[in-house]
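These notes are about the structure you will find just below.
The values are calculated or read from the model by the stated rules, or taken from the named source; none is laboratory data. Bear in mind the structure is a predicted one, so any value in this text is a computation, not a measurement. All Cβ positions, glycine included, derive from the backbone under ideal geometry; neighbour counts span all protein chains shown.
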Amino acid sequence: MKNNITAFNKAKRFIDASIEQVKGITKPQQKFLHWVFEKWVMLPVRHNFLNLFRYGGGGYAEKSIRQQFNRKINFSSWFEGSMNGLKGKECIAAFDPSYIRKSGKKTYGKDRFWSGKDQRAKPGLEIGCLALVDVGDSTAYSIEAVQTPAGMKSQLVAHYVGIIKKNLRAVLCYTKYLAVDGYFMKKTFIDPVLLLRLEVITRMRPDANLLYLYNGPQNPGRGRKRSYAGKVNVKKIDKRKWKRCYKDEDMEGFELKVWCVALKRIVKVIHLESKARKGYVILLSTDTELQGEKIIRYYQLRFQIEFLIRDAKQYTGLEECQARSETKLYNHFNLSLMTVSLMKYSCWANLPDKNETPFSMRSIKIWFYNKYLTETIFSNLGLDLKYNKIRKLYGRCLNIGAMAA
């Protein structure tokens with residue numbers, strides 16, 4: 001119990017220190033971030049301005065909260081100032097667009113966007129989420145989420161590249177690898193990203209057009225030299241030409257450098273075969289020297305960004321914003337994702353037994369709500385924490401309803 005209190009106090013001090021390092025914000029904005037962060041974690045109802053005022057204990061009026069959210073916060077700087085401990089660790093970047101439910105005709109960016117959950121385009125909003133994934137801990141931390149403007153169907157890929165380019169310095173401090181899903185297996189996405197000095201890991205179509213590279217003797221005389229040795233039959237590869245790079249009870253993987261017709265470049269391809277379902281998956285890396293086993297591992301870790309978004313939707317109100325302006329929406333989305341990231345990093349990532357203790361945003365949220373409720377009741381009753389019995393009672397109240405996962 002005492003250890004929990006100490007851990008959360010350390011987390012609070014870490015977050016307060018990280019806020020002090022955010023660049024480009026004023027002192028009033030810093031003061032507001034110190035105030036709103038704990039309220040944002042604790043809030044047991046919808047995350048909107050009215051509820052922040054109701055649970056805020058008189059810290060800010062509802063109008064003042066709205067005004068503060070109308071001043072853009074530099075979340076990329078917040079990430080850089082708080083995640084220095086990840087430098088030197090093995091990391092990858094991950095990018096994923098996410099559909100956000102939203103009604104209203106006057107909301108900025110309202111359009112029809114693809115919903116992966118429903119497998120169709122739906123009215124609402126979309127954010128492009130860029131995150132850093134710690135390979136050792138298998139967990140993701142938000143760098144920045146940028147809303148997709150309406151009417152960008154023909155320029156969507158360029159918009160996504162722009163988000164990555166904007167945060168390029170932050171990404172390159174940690175990694176040169178970017179993992180994305182199969183939607184981004186496009187020349188219009190991969191070529192601009194390669195110009196940013198990033199290597200892409202993604203998934204190919206099951207009917208990918210690949211050619212074997214020719215390494216034999218060339219015919220003497222004039223004319224173009226032979227470059228290819230035939231088309232790859234991806235449904236049934238010739239394993240004599242491929243090198244096994246991975247094997248477990250369920251999957252077997254083979255790697256090879258080939259010519260990708262769609263990208264017009266040499267790439268490394270992993271052909272993953274499922275033993276149980278008799279199916280296969282094709283993974284691609286633009287870094288032809290990267291080990292096949294790492295390509296598989298990095299692509300699997302791409303899904304950590306989806307878990308980050310899931311936690312933000314469930315516990316920190318990612319889909320609950322009632323604002324309509326671009327800046328307020330931006331601050332709301334990023335505060336939701338950054339809250340999960342910072343609580344994960346400060347409360348879980350530094351635990352000595354974290355491999356045995358799964359991260360639970362629900363337990364953290366319950367703890368902060370218990371803290372709010374306990375301090376409110378103790379304050380109204382005039383109970384003083386300097387007395388030992390009161391401190392013990394306070395500690396017990398904080399852990400009511402906590403879960404391991």
How about region 278-305: which of its residues are more than 24 Å from Leu196 (Cα to Cα) and surrounded by fewer than 17 Cβ atoms within 10 Å (Cβ to Cβ)? Lys278, Gly279, Glu293
If Gly59 satisfies all but one of (1) assigned to a helix (DSSP H, G or I); (2) surrounded by fewer than 19 Cβ atoms within 10 Å (Cβ to Cβ), what's the number of the condition it fails? (1)
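Listed here are the residues, each with its yes/no results for (1) under 24 Å from the mean Cα position of the chain (by Cα); (2) among the aromatic types (Phe, Trp, Tyr).
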residue	(1), (2)
Phe8	yes, yes
Gly24	yes, no
Leu33	yes, no
Val36	yes, no
Phe49	no, yes
Gln68	no, no
Ile73	yes, no
Glu90	yes, no
Take the conditions at pLDDT 90 or above, part of a helix (DSSP H, G or I) and more than 23 Å from the chain's Cα centre (by Cα) and apply them to Pro28. Does it pass? yes
Within region 62-89, restricting to residues that are more than 22 Å from Leu318 (Cα to Cα) and exposed (fewer than 15 other Cβ atoms within 10 Å of the Cβ), the one that is modelled with the highest pLDDT is Lys89
Odd one out for Ala158 among (1) surrounded by 14 or more Cβ atoms within 10 Å (Cβ to Cβ); (2) in contact (Cβ under 8 Å) with a residue 12 or more places away in the chain: (1)
Among the residues of region 203-224, is there at least one that is in contact (Cβ under 8 Å) with a residue 40 or more places away in the chain, in contact with an Asp or Glu (Cβ under 7 Å, 6 or more places away or on another chain) and outside any loop (DSSP other than H, G, I, E, B)? yes
Restricting attention to region 9-32, the residues that are surrounded by 14 or more Cβ atoms within 10 Å (Cβ to Cβ), among the hydrophobic types (A, V, I, L, M, F, W, C) and closer than 12 Å to Ser82 by Cβ number exactly 5
Conditions: (1) in contact with a Ser or Thr (Cβ under 9 Å, 6 or more places away or on another chain); (2) among the charged types (D, E, K, R); (3) under 28 Å from Glu320 (Cα atoms). Lys105 meets all but one. Number of the miss? (1)
